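Below: the structure, in structure tokens.
The values are calculated or read from the model by the stated rules, or taken from the named source; none is laboratory data. Just so it is clear, the structure is predicted and the values come from calculations on it, not from any experiment. Neighbour counts are summed over all protein chains in view; Cβ atoms, including those assigned to glycine, are modelled from backbone coordinates with ideal geometry.
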Ligand SMILES: Nc1ncnc2c1ncn2[C@@H]1O[C@H](COP(=O)(O)OP(=O)(O)O)[C@@H](O)[C@H]1O
Ligand SMILES: [Mg+2]
């Protein structure tokens, strides 16, 4: 059988560009080359698509702090010709290869929020991970929380600020009480996230968050264990055993996630009572469905002695050597390469389902 042509997309115009390079590098290494002919697609910080070999594209692969995309590589785009999807060389207009399915592992803005997914839909291509809607609502911490609230899921108190609007912070501070978490609504990897302990810090934190987004979310501090759960599937999603992030630092910051290995310990199997683990898994699946997700998602919680609060979903979770999404499934009996097989099958399955829908109407 011919190998499936997989277009692995990484990088992008996002604060998580470097993390994406690392995730993609691990995915590339784990993909079974007997089954897949992997074409590498690196999107640079200006949004230009590049292709090349592993050696050409990745500078310092696998180390998030120093890894870079080599932009002196072949510039490309993707097109649909006669219903088939191709990569085309921008300089000579020649077709390089066809693609059967894209695997975007582009964390953050434009790559995880439905923008890239919309482009892949327009191309008519199969792709891994959630579609446009699931990606968009899973990325926006404001809209996501409102959908959680509507579904009766437990969430902490929050307020949303928008650029250009005057906000009276005094009643918000009175309600949330310090410390207050401040976040850009649409980002990840804790980029732009601060824990403000007083009014001064709050003003600074809001300024920082507004550098990344036009919407900023303020949240009450939830003092609990950080529990995570991986979800996989389309119509009938399954959940992994829950894991836990054990923090040795103030909160799970960008630094704690990728730079200082001692600041946090990801534990792929959380020590939880069976009934709590069950509740986490059931809630993770509910979150996945409520947000219209498909393919994959990692659902993050705060577990206090009294309550299980939902924090967020990550629709293109990390796939680096320390990332929890694949580790939690490995703990649950699905090793990394098999997980990638399943994700690709789910992406192909969704495309088949979508192709069966009627796209014309003649009365
Ligand atoms: N309301 C909160 N209460 C306590 N800790 C929080 C809260 N919100 C965020 N944090 C801390 O900040 C980290 C990053 O916030 P999160 O909402 O997960 O953003 P991101 O999407 O960037 O991962 C969390 O893992 C947690 O350590
Ligand atoms: Mg998070």
Show me the helices (runs of 4 or more DSSP H) entirely contained within region 141-224 in which 3 or more residues are away from ligand 1 (no atom under 12 Å from the Cβ) and under 27 Å from the mean Cα position of the chain (by Cα). 141-150, 199-210
Across (1) closer than 26 Å to residue 307 by Cβ; (2) away from ligand 2 (no atom under 16 Å from the Cβ); (3) touching a helix residue (DSSP H, G or I) at 6+ places or on another chain (Cβ under 9 Å), residue 203 clears everything bar (1)
Before we move on, is residue 332 more than 17 Å from residue 155 (Cβ to Cβ) and within 16 Å of ligand 2 (Cβ to nearest atom)? no
Per the list (1) in contact with a helix residue (DSSP H, G or I) (Cβ under 7 Å, 6 or more places away or on another chain); (2) under 30 Å from residue 279 (Cβ atoms); (3) touching a residue at least 40 places away in the same chain (Cβ under 8 Å), residue check on residue 182 breaks on (3)
Quick check: is even one residue across region 270-280 closer than 30 Å to residue 65 by Cα, more than 12 Å from ligand 2 (Cβ to nearest atom), in contact with a strand residue (DSSP E or B) (Cβ under 6 Å, 6 or more places away or on another chain) and at pLDDT 95 or above? yes
Regarding region 83-98, can at least one residue be identified that is in a strand (DSSP E or B), farther than 18 Å from residue 352 by Cα and within 22 Å of the chain's Cα centre (by Cα)? no
Select from region 238-267 the residues that are more than 12 Å from ligand 1 (Cβ to nearest atom), crowded, with 20+ Cβ neighbours inside 10 Å and in a loop (DSSP other than H, G, I, E, B) and list them in ascending order. 240, 242
Would you check if there is a residue in region 340-360 being part of a loop (DSSP other than H, G, I, E, B), under 20 Å from the mean Cα position of the chain (by Cα) and either at pLDDT 95 or above or within 16 Å of ligand 1 (Cβ to nearest atom) (or both)? no
Could you tell me which numbered condition residue 273 fails, if it satisfies all but one of (1) buried (at least 18 other Cβ atoms within 10 Å of the Cβ); (2) over 19 Å from the mean Cα position of the chain (by Cα); (3) more than 21 Å from residue 288 (Cα to Cα)? (1)
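One line per residue, one yes/no per condition, for (1) in contact with a helix residue (DSSP H, G or I) (Cβ under 6 Å, 6 or more places away or on another chain); (2) modelled with pLDDT under 95; (3) not in a loop (DSSP other than H, G, I, E, B):
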| position | (1), (2), (3) |
| --- | --- |
| 28 | no, no, yes |
| 34 | no, no, no |
| 46 | no, no, no |
| 64 | yes, yes, no |
| 76 | no, no, yes |
| 120 | no, no, yes |
| 130 | no, no, no |
Here are 124, 118: which of them is surrounded by fewer than 16 Cβ atoms within 10 Å (Cβ to Cβ), within 20 Å of residue 80 (Cα to Cα) and in contact with a strand residue (DSSP E or B) (Cβ under 6 Å, 6 or more places away or on another chain)? 124
Expected single match for over 20 Å from residue 145 (Cβ atoms), over 17 Å from the mean Cα position of the chain (by Cα) and in contact (Cβ under 8 Å) with a residue 24 or more places away in the chain among 267, 280 is 267
